[in-house]
1. For the structure I just gave you, tell me whether ILE333 is surrounded by 16 or more Cβ atoms within 10 Å (Cβ to Cβ) and touching a residue at least 24 places away in the same chain (Cβ under 8 Å).
2. Looking only at residues in the range 58-72 that are more than 15 Å from GLU141 (Cβ to Cβ) and open to solvent by 20 Å² or more (accessible area, probe 1.4 Å), which one is farthest from the ligand (Cβ to nearest atom)?
3. If I ask for residues that are outside any loop (DSSP other than H, G, I, E, B), in contact (Cβ under 8 Å) with a residue 40 or more places away in the chain and either open to solvent by 30 Å² or more (accessible area, probe 1.4 Å) or more than 17 Å from THR115 (Cβ to Cβ) (or both), which ones from the range 139-157 would you list?
4. What are the pairs with Cβ atoms under 7 angstrom where one residue, in the range 1-29, is among the polar types (S, T, N, Q) and the other, located anywhere, is in a helix (DSSP H, G or I)? Sequence gap at least six, or different chains.
5. Among the numbered criteria (1) out of contact with any Gly (no Cβ under 6 Å at 6 or more places or on another chain); (2) in a helix (DSSP H, G or I), which one does ARG43 miss?
6. Give me a count of the residues in the range 241-253 that are touching a strand residue (DSSP E or B) at 6+ places or on another chain (Cβ under 9 Å) and either over 18 Å from ALA199 (Cα atoms) or open to solvent by 10 Å² or more (accessible area, probe 1.4 Å) (or both).
7. I'd like the full set of residues that are crowded, with 20+ Cβ neighbours inside 10 Å and more than 12 Å from the ligand (Cβ to nearest atom), limited to the range 171-186.
8. Which of the residues spanning the range 289-313 are open to solvent by 20 Å² or more (accessible area, probe 1.4 Å) and in a loop (DSSP other than H, G, I, E, B)?
Amino acid sequence: MEYVERFLEHSAEFTKEEFIELLKLAGNEAAVKRLADEAVRIRKEVYGTAVFIRGLIEFTNYCKNDCYYCGIRRSNKNASRYRLSEEEILACCANGYALGFRTFVLQGGEDPYYTDERIVGLIRRIKAAYPDCALTLSIGEKSYESYRAFREAGADRYLLRHETATEDHYKSLHPKEMLLTVRKKCLYDLKELGYQVGAGFMVGSPGQTLEHLAEDLLFLRKLQPQMVGIGPFIPHHDTPFADEQAGSVQLTLFLLSVLRILLPHVLLPATTALGTADTAGREKGILVGANVVMPNLSPVENRKLYELYDNKICTGEEAAESREGLSRRMEAIGYELVTDRGDYRE
Ligand code: 5AD
């Protein structure tokens with residue numbers, strides 16, 4: 001417990017060794033509770049009991065990358081590929097807007113069909129139709145120039161998980177053409193361009209140690225992102241990691257509290273992976289410091305195909321059902337889904 005109190009006092013100066021000691025307490029009931037209480041106190045001070053929603057539009061599952069953990073990796077020949085047309089994407093936005101979504105997240109694999117020009121066109125159309133909405137991109141590694149073009153076209157936010165801040169671990173999760181240095185540069189470029197930036201990682205990815213997680217926390221403290229997405233690793237049957245163990249929900253929840261305390265204003269989703277690993281995962285996430293949920297606005301026909309990992313939840317329900325269901329779930333635990341862009345609060 002000593003490290004919990006030390007962390008609460010000195011999170012800005014915490015060292016790698018101290019983070020490791022802190023993370024060893026993820027199974028200690030008193031430590032878990034002390035951190036969660038503090039995380040919730042901070043979350044309520046900054047964001048009250050509001051839970052922000054993001055309408056996720058998974059617009060393409062084509063991907064030129066071959067990440068060992070991911071179900072839509074290039075080498076997965078069993079994945080049936082789709083891409084939504086611009087009209088279909090706009091229809092998702094219209095549906096979402098009517099349901100009270102004021103942030104749309106365009107997420108996809110790194111799909112060469114979606115050139116910068118096409119993405120810019122899409123951004124312009126969405127922002128023209130919904131000037132009161134925030135637009136988030138989650139389309140991977142691009143050049144500074146591309147990120148600038150997207151920003152100038154009106155994109156507000158960008159999600160790009162760093163996956164792991166340790167070079168060797170990064171190499172063990174990705175083929176050799178993918179580089180942690182490139183990933184980190186992208187994140188700094190995005191910050192410089194004035195995006196609200198989201199980084200993050202999987203909890204319990206194969207080979208991950210507490211030392212790796214401590215490096216992730218140090219990296220995030222340095223980057224100071226506006227958003228951090230974390231969720232348990234969940235194996236996908238058609239990947240090289242099919243037989244690896246899933247990540248721990250308990251450790252994910254512990255890390256959510258740690259992140260809320262380390263980055264008090266951060267936008268912190270209770271992720272779909274957390275909701276998949278535990279049926280009450282998203283509620284549990286909110287109750288330890290998270291303040292965002294990201295329901296799916298993709299057409300129901302495509303949902304199952306955007307399969308990053310096995311047994312992903314919410315692939316069968318309409319967006320309306322998913323908003324309604326979540327709304328009730330959040331009310332039941334003393335929070336409320338709000339119709340709001342849900343920007344980062346300085
Ligand atoms: N389990 C959990 N999360 C995954 N992601 C990709 N594959 C998996 C998996 N098997 C996460 C990655 C990626 C995000 C879009 O989804 O962290 O950045």
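The values are calculated or read from the model by the stated rules, or taken from the named source; none is laboratory data. Being a predicted model, the structure only gives us computed values, none of them experimental. Glycine gets a Cβ as well: all are built from the backbone with ideal geometry, and neighbour counts include every protein chain shown. Accessible surface is based on the protein model in full, side chains and every heavy atom, while ligands, DNA and RNA are left aside. Shrake-Rupley method; radii C 1.70, N 1.55, O 1.52, S 1.80 Å.
1. Numbers: surrounded by 16 or more Cβ atoms within 10 Å (Cβ to Cβ): no; touching a residue at least 24 places away in the same chain (Cβ under 8 Å): yes.
Criteria not met by ILE333.
2. At the first step, the residues of the range 58-72 found to be more than 15 Å from GLU141 (Cβ to Cβ) are 58-62, 68-69, 71-72.
From the residues that got through so far, the ones that are open to solvent by 20 Å² or more (accessible area, probe 1.4 Å) too are 62, 68-69.
Working: TYR62: 14, TYR68: 9, TYR69: 4 Å.
Here the answer is TYR62.
3. Filtering the range 139-157 down to residues outside any loop (DSSP other than H, G, I, E, B) leaves 144-153, 157.
Within this subset, residues satisfying the condition of being in contact (Cβ under 8 Å) with a residue 40 or more places away in the chain are 144, 147-148, 151, 157.
Scanning the range 139-157 gives TYR144, ARG148, ARG151, ARG157.
4. SER11/ILE261; SER11/LEU262
5. (1)
6. Of all residues in the range 241-253, those touching a strand residue (DSSP E or B) at 6+ places or on another chain (Cβ under 9 Å) come to 246-249, 251-252.
After this cut, where a residue has to be either over 18 Å from ALA199 (Cα atoms) or open to solvent by 10 Å² or more (accessible area, probe 1.4 Å) (or both) as well, the list is 246-249, 251.
Total meeting the criteria: 5.
7. The initial filter retains those residues of the range 171-186 that are crowded, with 20+ Cβ neighbours inside 10 Å, namely 173-174, 180, 183, 186.
Hits for the range 171-186 are LEU180, CYS186.
8. MET294, PRO299, LYS304, LEU305, GLU307, LEU308, TYR309, ASP310, ASN311, LYS312, ILE313
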